[in-house]
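Report on one structure; see the data block that follows.
The values are calculated or read from the model by the stated rules, or taken from the named source; none is laboratory data. It should be emphasised that the depicted structure is a prediction, and the values quoted were computed from it without experimental measurement. A quick note on method: Cβ atoms are made from the backbone with ideal geometry, for glycine too, and the neighbour counts reach across all protein chains shown.
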Amino acid sequence: MKTYTCDFLIVGGGVAGLMAAIPAAKSGAKVIIAEKADTRRSGSGANGNDHYHCYIPQCHGADPARARREIGSSFDAGPWTDPKLTDVWIMRSYEIVQMWESIGIDMRPTGEYHFEGHGIPGCQLYNLKFDGKNQKPALTAEALKQGAQILNHIVISEILTNEEGRVVGAIGADVHAEEPEAVLFQSKAVLLATGMVSRMYPSITPAYMFNTPCCPATTGSGQAMAYRAGARLVNMDMLKGHAGPKYFARGGKGTWIGITTDIHGKPFTPYGDKPSRATGDVTADVWPSCYYDRMKAGQGPTYMNCTETPPEDLDYMLHEAMVSEGIDSITDYTEQRNIDLSKEMIEFGTYPIMMSQRGIDCDEHSHTSIPGLYAAGNCMGNVGGSLAGAAAFGLVAGEDAAEYIKTVSQEDVSNHPKLKETLDLYQMLMERRNQPHAHWKEALSTLQNLMNEYGGVELQNEDTLKAGYTYVQQLKADSLNALGCENSHELMRTLELLDMIDLAEPIFLCRRNRKESRGPHIRSDYSFTNILLNNKFQTIEKDKDGTVHMDYRLRQ
Amino acid sequence: MPPIIHEEKCVKCGYCAQICPLDVLYLDKQEPNPRLRVRYPDECWHCRACEKDCPQGAITMRYPLSHFMLHYTPEKGGENQ
């Protein structure tokens, strides 16, 4: 077993993790990033982004009041976010734009700050059009330059806390070689920046589990580790969807320059009837379920229609914007199959649920309810902003952790009780390769079916939620009794599966406890919306004895 | 198998295997014939990171029939054909 000692361990080297490493390492802290792939191409920003949601005073006006109001009420913030935290990413966004520019990310490909896409008619545009295709290599280089150490191909599976309840380290596995090797980290502070939960519900092509709009490597490990360690989660009862090309799941709907229409080419929403490069079509943002809803209502199919898009805009979309956004597999696909978007529409679909921006409850300093434990990016449960939110809260977490580590001392974790428990789990999973064993995909298939049917967006009631919870517990017990791994890769996938099984618990429990219908949570036995729960978020956490506590807190 | 490795161009440097976000590609270092293989094809996200970062231009992407983009020509001004 390898052992590392550091001041600040960052779990996940996506945009949030790298942004946290930069200020912390710059301050002199010993920072390690543990990334299960390679930070140059990992996470949902792996291949790029082309919209940075921000407030730039010289573009939007010196008074941020309008930006706060318009961004705060838009789909980018959304009802399940704390305005206090939304304000952090809005107010720090320009500083980050300048920082990214200084490290070689092209924030103004046209020479000026230029905003386009995801536009709501009547509002200012806040999505800075940038070229993020090199964002991950650039942020990686900057983190290294500031002195952070990056350990690629390390999977972290457990957070360690001490008797007082503060964070003291983490345990994981080095999966670089064919045989995994356990890795122990002793650290004063830990950041969870592991992204969303991409594979807990079935994909739009259930036989192909990795056909997901955002990176399928993001599997809720941060949320699961936080929950097991006793951190407070929030909004786990508010499922979230996404939309894009129907059987070719891909995010980046705002990069398309077209309009949403029926099969005859007729638009049906009030967000514009002509393709606009300036605003795009916000339909998929504000009503991502429209493709599913319309099919169900007998009104489908529904298309992204670029046939009226001017040729120069179409060329720009396919060969510049989609490259910047990192979704030019769409370009490649259409060219390989001779699909001419000036003549043909692409059917869009509503993708099944992904749990993004649902999870760890944080304050405005990115701190969780556990001392020394931070979270940033899509694994946070109470902030939106996607890329901009991840960058801002990564930065905030890195700054705060740099101060926090001065107030605590290192604690020896070499005899931590969790260490033996985790090593025993790894050993058990690996040793079963010598006998007939179950494969992680078998269990994930069942988990996805259970989440879809008993914990999905269709009408639920006390009985379906109760039964679904029971079945997941059965699946967990049987999985632990039967799963085996042939090599490092399978150990990584199996640990991801076990994390997703653990995350089913807070989803089912919170949904059972929410005795009303609201947003995506629809119950036949409580069909009304209870106004006493307006402006409140449901939280869930486990105490030291494993007893679960649920509560409602005010939106802050 | 989604990424296609063009053997005649591949120098077996292993960079694609190192950076693949889904750990799909593997460099089998076995001497004297090291080989790059697509070990977990159904875990490919088709993100093209391997294709873009390959210093030799030795990788192209094949999109499987399971990942099918549905396309349709609208009839202007009314009924579709």
Taking the criterion of being assigned to a loop (DSSP other than H, G, I, E, B), modelled with pLDDT of 95 or more and surrounded by fewer than 19 Cβ atoms within 10 Å (Cβ to Cβ), would at least one residue in segment A:139-152 satisfy it?
yes
May I ask you to verify whether residue A:249 is within 14 Å of chain B (Cβ to nearest Cβ), assigned to a strand (DSSP E or B) and touching a strand residue (DSSP E or B) at 6+ places or on another chain (Cβ under 9 Å)?
no
Which residue is nearest to the other protein chains (Cβ to nearest Cβ), if the candidates are limited to segment B:1-16 and must be modelled with pLDDT under 95 and touching a helix residue (DSSP H, G or I) at 6+ places or on another chain (Cβ under 7 Å)?
B:2
Answer with yes or no whether residue A:231 is outside the structural domain of residue A:72 (by TED's automatic domain parsing), crowded, with 24+ Cβ neighbours inside 10 Å and either within 20 Å of residue A:449 (Cα to Cα) or of a type in the set (Ser, Thr, Tyr) (or both).
no
Go through segment A:216-237 and give me each residue that's touching a residue at least 60 places away in the same chain (Cβ under 8 Å), on the phi < 0 side of the Ramachandran plot, under 14 Å from the mean Cα position of the chain (by Cα) and part of a loop (DSSP other than H, G, I, E, B).
A:217, A:218, A:236
Matching residues, segment A:430-454, being over 25 Å from residue A:506 (Cα atoms) and hydrophobic (A, V, I, L, M, F, W, C):
A:430, A:438
Just a yes or no: is a residue in segment A:369-383 more than 10 Å from chain B (Cβ to nearest Cβ), at pLDDT 95 or above and over 24 Å from residue A:228 (Cβ atoms)?
no
Might you check whether a residue that is under 21 Å from residue A:510 (Cβ atoms), more than 14 Å from every other protein chain (Cβ to nearest Cβ) and not in a helix (DSSP H, G or I) occurs anywhere in segment A:342-352?
yes
May I ask you to list the residues in segment A:1-48 that are within 14 Å of chain B (Cβ to nearest Cβ) and in contact with an Asp or Glu (Cβ under 6 Å, 6 or more places away or on another chain)?
A:13, A:42, A:48
Failed item, numbered, when residue A:341 is tested on (1) out of contact with any Leu (no Cβ under 7 Å at 6 or more places or on another chain); (2) surrounded by 16 or more Cβ atoms within 10 Å (Cβ to Cβ)
(1)
Which one of these does residue A:332 not meet: (1) acidic (Asp, Glu); (2) free of Cβ contacts under 8 Å to residues at least 12 places away in the same chain; (3) in a strand (DSSP E or B)?
(3)
Under 6 Å between Cβ atoms, which residue pairs at least 6 apart in sequence (or on different chains) link something in segment A:244-262 that is over 16 Å from residue A:292 (Cβ atoms) with a partner that is among the charged types (D, E, K, R)?
A:252/A:325; A:255/A:50; A:255/A:325; A:257/A:277; A:257/A:313; A:259/A:281
Would you point out the residue of segment A:537-549, among those that are more than 23 Å from the chain's Cα centre (by Cα) and in a strand (DSSP E or B), that is farthest from residue A:504 (Cα to Cα)?
A:549
Residues of segment A:76-100 classified as surrounded by fewer than 19 Cβ atoms within 10 Å (Cβ to Cβ) and closer than 16 Å to residue A:356 by Cα, total:
2
Test residue A:257 against the stated conditions and say whether it is touching an Asp or Glu at 6+ places or on another chain (Cβ under 6 Å) and not in a helix (DSSP H, G or I).
yes
